[in-house]
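> So that we are looking at the same thing, I have put the structure below in structure tokens.
The values are calculated or read from the model by the stated rules, or taken from the named source; none is laboratory data. What you see is a predicted model, and the numbers here were worked out from it, not measured in a lab. Virtual Cβ from ideal backbone geometry, glycine too; neighbours counted across all protein chains shown. To get the accessible areas, we keep the full protein, side chains included, count just its heavy atoms, and leave off ligands, DNA and RNA. Shrake-Rupley method; radii C 1.70, N 1.55, O 1.52, S 1.80 Å.
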Amino acid sequence: MADPLTWHRVQFAFTIIYHYLFPQLTMGLALLIVVLKGLALRPGGEAYATAARFWVRVFGLNFAVGVVTGLPMEFQFGTNWARFSQLTGGVIGQTLAMEGLFAFMLESSFLAMLVWGEQKLGPKKHFAAAVALFIGSWLSGVFIVTTNAFMQHPVGFTRGDDGVFALADFWTYVLNPWALAQYAHNQMASLVTASFVVSAVGAYWMLRGVHLEQARLNLKVGTIAGLVASLAVAFPTGDLQAKLVARHQPAALAAMEGRFESGPRATIHLIGQPNVAERRLDNPIGVPFVLSFLAFGRFDADVVGLNDIPQENWPTSIELLYYAFHVMVGLGTLFIGLMGLAALFRWRGWLERSRWLLWALMLAFPFPYIANTAGWMTAELGRQPWLVYGLLRTIDGASPTVHAGDTAFTLIGFSGLYFVLGLAFLFLIGREVSHGPEAAHA
């Protein structure tokens, strides 16, 4: 507990996990708002316009809290991780600066037009503002994911004798294959979150018997988008991401599966408990050959185990990585099943009368947040013990002059502040949902 590095990692993990609760909804909602505004341009599309107004207000509240919670995270690059920033700032500073200068400004500017400018802009220009908001929101994701992808699979750089990284080829850096796969996977996961939230609000109104037209519309849009996004998270985006991990981060793949022995026809484990001390997976239930196929496209492919990797290169928290990965995959599978069932019931005209399914949709909205958090934990824990994979160890990137006590003290402060901020956010969102879409129209 006296180790500063441990506290640096815990503080950054806390702030970034809390912060990402908000962007994952705004990015998904940005696309759904464009869909709603586009449908509102059709004759008789006022119901879609009303829905769009409501979700723009929710977007605005979510965006505001996301900005507030993102600021401390940025400062930690200079406080807790100053050495990392000094060594890699010549590369990752490019995309982090572009995110703030271009994407954030674009998103925030057009959000103001969406919230207050509908009557002055008119339907078509207001739709164009929604498209610009969507571009800004998803462009922000491009820059952030590209930055993270460099840490996972560094390309497009040079490194001097002093260890400092410099950008050598901008387009190689931006078009990093890891970044392209990770971005697609991340954006589809954010659409899952937004779709579940939209479906949950529609189910809530339907169960209460209020705002029935809007409830049906939200259920329609939410379940269709949710099914498409849930399938896309698994394939092709998740499949492509898994193959990149297998090729470039074999230690991460082995830890994610609790695999210690190498060999062909590898089993994928549905459940089990990693026993690191004895180098085995306890109580496993698995499907033979499937891991080899998912990782390399062949059932007889050899998959490396942790025993054939130097222990100093193992992920530093194998148990947490294993469980985070399995939570992510397990919930993702359940999402496909739930949204598939909801889409079937809506197509057959049963959804509005199936109170048990409406309850399931209403209560399911927290689980995409859990799955997204588990997914990012999988990515970041799998990269350990490296900050830049294979090149810069985490221990070499921390600030040498920031002590454990300083970091622990500020973490307590962040926890209290974020707790109060979270309560205020939930109150405001709850009030919007209780008032319904009419409040957005006023």
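> Hey, what's segment 389-442 come to in accessible area per residue, 1.4 Å probe, Å²?
Details: 3130 Å² over 54 residues.
Accessible area per residue: 58 Å².
> Leaving out ligands and nucleic acids, and using a 1.4 Å probe, what accessible area per residue does segment 207-290 come to in Å²? Walk me through the intermediate numbers first.
Values: 3890 Å² over 84 residues.
For segment 207-290, the solvent-accessible area averages 46 Å² per residue.
> How high is the relative contact order of segment 101-165, given as a whole-number percent (alpha carbon pairs under 8 Å, six or more residues apart)? List each step's numbers first, then the result.
Values: 37 pairs, mean separation 23.4, N = 65.
Taking the mean separation of contacting Cα pairs over the length of segment 101-165, I get 36 percent.
> Applying the Karplus parametrisation 6.51 cos²θ - 1.76 cosθ + 1.60 with θ = phi - 60° to the phi angles of segment 40-56, what ³J(HN,Hα) value in whole Hz is obtained for each residue in order, glycine and proline being reported as x?
My calculation for segment 40-56 gives 5, 6, 6, x, x, x, 4, 4, 5, 5, 5, 4, 4, 4, 4, 6, 5 Hz in order.
> Suppose a student asked you for the relative contact order of the chain, using Cα pairs under 8 Å spaced at least 6 residues apart; what percent would you report?
Relative CO of the chain lands at 21 percent.
> Hey, in the GNM for the chain with a 10 angstrom Cα cutoff, which one of ALA112, ALA49, ALA189 fluctuates hardest?
Maximum among the listed residues: ALA112.
> Give the peptides 25-31, 259-265 in descending order of average Cβ contacts within 10 Å, highest first. List each step's numbers first, then the result.
Working: 25-31: 25.7, 259-265: 17.0.
Output ranking for 25-31, 259-265: 25-31, 259-265.
> Distance in nm between label sites at TRP350 and GLU74, each 7 Å beyond Cα in the beta-carbon direction?
5.0 nm
> How much mean residue ellipticity at 222 nm does the chain get from its helices, if each DSSP H run of length 4 or more adds -39500 (n - 2.57) and you divide by all residues, to the nearest 500 deg cm²/dmol? The partial results should precede the final answer.
Working: 17 runs with 310 residues, N = 442.
When only DSSP H runs of four or more count, the value is -24000 deg cm²/dmol.
> Please state the charge dipole magnitude for the chain, taken about the Cα centre, from unit charges on C-beta atoms (+1 on K and R, -1 on D and E), reported in debye and rounded to the nearest 20.
Dipole size: approximately 1580 debye.
> Under a crude label model (7 Å from the Cα following the beta-carbon direction), how far is ASP239 from LEU391 in nanometres?
3.1 nm
> Within the chain, how many Lys pairs sit with Cα atoms under 30 Å apart, leaving out pairs fewer than 8 places apart on the same chain? Could the numbers behind the result be given before it?
Values: LYS37/LYS120; LYS37/LYS124; LYS37/LYS125; LYS37/LYS220; LYS120/LYS220; LYS124/LYS220; LYS125/LYS220.
Here the count comes out as 7.
> Taking square-rooted eigenvalues a ≥ b ≥ c of the alpha carbon gyration tensor, is segment 299-442 rounded, prolate or oblate, where a/c under 1.5 means rounded and, failing that, a/b exceeding b/c means prolate?
Oblate.
> State log₁₀ I(q)/I(0) for the chain at q = 0.06, 0.09, 0.13 Å⁻¹ as given by the Debye formula over alpha-carbon point scatterers of equal weight, solvent excluded.
Values, matching the q order: -0.27, -0.62, -1.24.
> Compute the length gained on full extension between GLN273 and ARG247: take 0.36 nm times their separation in residues and subtract their Cα-Cα distance, giving the result in nm to one decimal.
Additional length available on full extension: 6.9 nm.
> Follow-up question, since we're still on this one. On the accessible surface of segment 94-174, probed at 1.4 Å, how many percent belong to carbon and sulfur atoms?
68 percent
> Now for a separate question. So for the pair GLU213, LEU334, with labels modelled 7 Å out along Cα→Cβ, what separation do we get in nm?
Rounded to a tenth, the inter-label distance reads 3.6 nm.
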